[in-house]
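Enquirer: Take this structure first; my questions come after.
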Amino acid sequence: MRVVGYQSSLGEIVDISASGFRVRTRQAPMTRPGGMLALVLDTPRGPIEVDVRVAWWKRVGWFRFEAGMEFETIRPEVRAAIAELAKAQDDPA
């Protein structure tokens, strides 16, 4: 699912699913693929901290990167916030 206008502490969330998300950023992730990060997602419920594993990252331009993040543990409130992101995207105001 493509998501517009939502951010993480690493950069702009480009798309999101129940298992993870893709983020566009101006810097490479602080760890190699397989490494863990604690990120903050801006959601309709407010900021939520999530633990993610870096699945991959690649340079897509000058000072531009994209990275795939996998949710390591999805707490119920995080799952609900992801569902709200999907609903907000499907029913824009």
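The values are calculated or read from the model by the stated rules, or taken from the named source; none is laboratory data. Keep in mind that this is a model prediction, so the values were computed, not measured. All Cβ positions, even for glycine, are placed from backbone atoms using ideal geometry, and neighbour counts span all protein chains on display.
Enquirer: Keeping to the stretch 68-84, report how many residues are assigned to a loop (DSSP other than H, G, I, E, B) and either on the phi > 0 side of the Ramachandran plot or not β-branched (Val, Ile, Thr) (or both). Working first, answer last.
Expert: Narrowing the stretch 68-84 to residues assigned to a loop (DSSP other than H, G, I, E, B): 72-75.
Right, trim to either on the phi > 0 side of the Ramachandran plot or not β-branched (Val, Ile, Thr) (or both) and you get 72, 75.
So the answer is 2.
Enquirer: Let me ask something else. With 34, 68 as the choices, which residue is surrounded by fewer than 15 Cβ atoms within 10 Å (Cβ to Cβ) and small (Gly, Ala, Ser)? Before you say what the answer is, go through the steps one by one.
Expert: Details: 68 fails: surrounded by fewer than 15 Cβ atoms within 10 Å (Cβ to Cβ).
From the options 34, 68, the qualifying one is 34.
Results for (1) more than 12 Å from the chain's Cα centre (by Cα); (2) at pLDDT 80 or above, shown as yes or no for each residue.
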position	(1), (2)
34	yes, yes
37	no, yes
43	no, no
51	no, yes
61	yes, yes
66	no, yes
76	yes, yes
84	yes, no
89	yes, no
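Enquirer: Which pairs have Cβ atoms under 7 Å, sit 6 or more apart or on different chains, and link a residue in the stretch 49-63 that is among the acidic types (Asp, Glu) to one that is surrounded by fewer than 10 Cβ atoms within 10 Å (Cβ to Cβ)?
Expert: What qualifies is 51/73.
Enquirer: Here is a check on your reading of the model: is residue 26 of a type outside the set (Gly, Ala, Ser) and either modelled with pLDDT of 85 or more or in contact with a helix residue (DSSP H, G or I) (Cβ under 6 Å, 6 or more places away or on another chain) (or both)? Full working, then the answer.
Expert: Working: of a type outside the set (Gly, Ala, Ser): yes; either modelled with pLDDT of 85 or more or in contact with a helix residue (DSSP H, G or I) (Cβ under 6 Å, 6 or more places away or on another chain) (or both): yes.
Yes.
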